[in-house]
């Protein structure tokens, strides 16, 4: 039993130190069918946190999806095909993103809620492949956005964006450098749009963007960890973090892999652990580049 616990503890600590959060389903190989009924058409959505504006077609009879699975892939079996359409007389950009789409007819701009939880080292590059066929002077966009909740609103820390203004019949690779942040993000989204200004209902009907093999990468210097991370001291429901001036985020992980972002450290290096209840927990403190500064042994809070 002690051996099993030791192995699990080692796995948890290794994941805290070295976990790199990749773009989920970046190859766009797995999709889920969302059935329609009557004059409302079926559509498919990419799995693992991806969504699109397709939900609107279930209130717009006969409308084709703005995001479709296609076999015209760069690699593997499938890719995503995004097409700008006219729905209820409004421009609807073909788009997909990591997050949630909940149609709000009274305020359509608020329908897209971008972002999934993000923890760990910030990548140094955002890569992928695209093809584009614009109509008129339209342009497309693919970007990764990193955000943080500041207590009142979600703030965009940085976007790594590519603007696509020319037609490309062949798959074209892009590689965008992600600069260092002043703050550690707590959420991330990847967005692709056949009309870059689609959020403002601007674009050209028929503009089409294909995307595939979206990924992050890390250079060695971006993910190096201190050879001897310092110890976080836990007492009751409070942790004391060494080198607090370097720390931008503190993550707690339990033996099941459940993760909590405990936020930034106070000026005296204290962090409240009252959320960490039920089971054994471990802490990892990271700097603004995601490098490990300090970590704790396992602890219980009763």
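The values are calculated or read from the model by the stated rules, or taken from the named source; none is laboratory data. Being a predicted model, the structure only gives us computed values, none of them experimental. A quick note on method: Cβ atoms are made from the backbone with ideal geometry, for glycine too, and the neighbour counts reach across all protein chains shown.
General observations
- Complete set of residues in segment 137-174 that are touching a strand residue (DSSP E or B) at 6+ places or on another chain (Cβ under 6 Å), farther than 17 Å from residue 209 by Cβ and surrounded by fewer than 16 Cβ atoms within 10 Å (Cβ to Cβ): 154, 155, 156
- Any strands (runs of 3 or more DSSP E) falling wholly within segment 18-64 and containing at least 1 residues that are assigned by TED's automatic domain parsing to the domain that holds residue 115, under 21 Å from residue 187 (Cβ atoms) and without any contact (Cβ under 8 Å) to a residue 60 or more places away in the chain: 43-46, 50-52
- Long-range neighbours under 9 Å by Cβ, at least six apart or interchain, first residue at positive phi and surrounded by 15 or more Cβ atoms within 10 Å (Cβ to Cβ) within segment 175-196, second assigned to a loop (DSSP other than H, G, I, E, B) and at pLDDT below 95: none
- Considering segment 197-231, and only residues there that are at positive phi and modelled with pLDDT of 90 or more, the residue that is surrounded by the most Cβ atoms within 10 Å (Cβ to Cβ) turns out to be 203.
- Some residue of segment 84-96 being within 22 Å of the chain's Cα centre (by Cα), part of a loop (DSSP other than H, G, I, E, B), closer than 19 Å to residue 49 by Cα and modelled with pLDDT under 95: yes
- Those strands (runs of 3 or more DSSP E) lying entirely in segment 126-220 with at least 3 residues in the same structural domain as residue 88 (by TED's automatic domain parsing) and over 17 Å from the mean Cα position of the chain (by Cα): 168-177, 208-217
- Only one of the numbered conditions (1) assigned to a strand (DSSP E or B); (2) under 19 Å from residue 187 (Cβ atoms); (3) modelled with pLDDT of 80 or more is violated by residue 293, and that is (2).
- Restricting segment 264-286 to residues that are crowded, with 17+ Cβ neighbours inside 10 Å, in a loop (DSSP other than H, G, I, E, B) and within 25 Å of the chain's Cα centre (by Cα) leaves a set whose member that is modelled with the highest pLDDT is 276.
- Some residue of segment 253-262 being in contact with a helix residue (DSSP H, G or I) (Cβ under 6 Å, 6 or more places away or on another chain), outside any helix (DSSP H, G or I), modelled with pLDDT under 75 and surrounded by fewer than 20 Cβ atoms within 10 Å (Cβ to Cβ): yes
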